[in-house]
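Coordinate-derived values only; no laboratory data. Here the structure is a predicted model, which is why all the values come from computation and not from measurement. Here the Cβ is made from the backbone with ideal geometry for all residues, glycine too, and neighbour counts use every protein chain on show.
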Amino acid sequence: MSGLIFLARPGRFLALFLLLVLAGAETAADGDKLEASGAFADQSASEALRASVDPKGHRVVLGDGTTLCEIWLRKQVPTRAKADVAGAIYTELAESALVGVISFPKDTRDYRGQQVKAGAYTLRYTVHPSDGNHLGISVYRDFLVLSPVSADQNPGAVLNFEELMKLSAKTLGSVHPSPISLVSPEGLKSVPGVATNDHGNLVFAARVKTQAGSEMPIAFVVKGQAEQ
């Protein structure tokens, strides 16, 4: 089974969880900022996918003035009754739910340090199963996985874990999926906004609309890798 990175030491989860919640995300370093961007218009994406995301996006601009990425959140994200899952904090999101689309103007790296080519990718939600087969260092089991928009045409597709991993592996052209880490939205000072957390990761935060008619805060790493 191809897997993501999740908590390697379950006994330390509570302490680490409290530490991150209390620390939250701090101000962005070196002038990193969030700007508004226009509609998602990548022609390699299906019309249905383009129509499923907000017409206005978010552009993450680094302190040197270069664009790191652009993000378009889904107009209505499917949710379910929140489940009590150890190590997971976004369990109201449906498994494999499309959360949005992200576009990188140049090559970058995902949360595992794997090189991701410039281009547009869907962001789908998953919780790593606690089967002990794939160890790594991450407090949370929640992730968003990247898949090329050309390969992920149906925003309403419902995929099981293995199907989602195979789809995401197309990002890298290998057997491995491409994850970015979801983090706690607690303590964020500016939403929407970007901030650097205690681990030196640049975090994007916003509120996403749900199919139930509510809004929920969401935060994920857009620049930074798991501590090795």
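Name the shape class, rounded, prolate or oblate, that the alpha-carbon gyration tensor gives for region 26-93, where a ≥ b ≥ c are the square roots of its eigenvalues, rounded holds for a/c under 1.5, and otherwise prolate holds if a/b is larger than b/c and oblate otherwise. Verdict is oblate for region 26-93.
Per-peptide packing, taken as the mean over residues of other Cβ atoms within 10 Å, places 41-49, 89-97, 140-148, 179-187 in the sequence 140-148, 179-187, 89-97, 41-49 from highest down. The HN-Hα couplings worked out from phi for region 114-119 by the Karplus form 6.51 cos²θ - 1.76 cosθ + 1.60 (θ = phi - 60°) are 7, 6, 10, 6, 4, x Hz, whole numbers, x standing for Gly and Pro.
For a straight C-alpha distance cut-off of 24 angstrom, the lysines reachable from LYS106 (same-chain residues fewer than eight places away being disregarded) are LYS33, LYS56, LYS117, LYS166, LYS170, LYS223. Spacing of the modelled spin labels on LYS75 and SER190, each 7 Å from Cα toward Cβ, amounts to 2.9 nm. Across every pair of different alpha-carbon atoms, what Kirkwood hydrodynamic radius in Å does region 165-207 reach? Result for region 165-207 stands at 12.2 Å.
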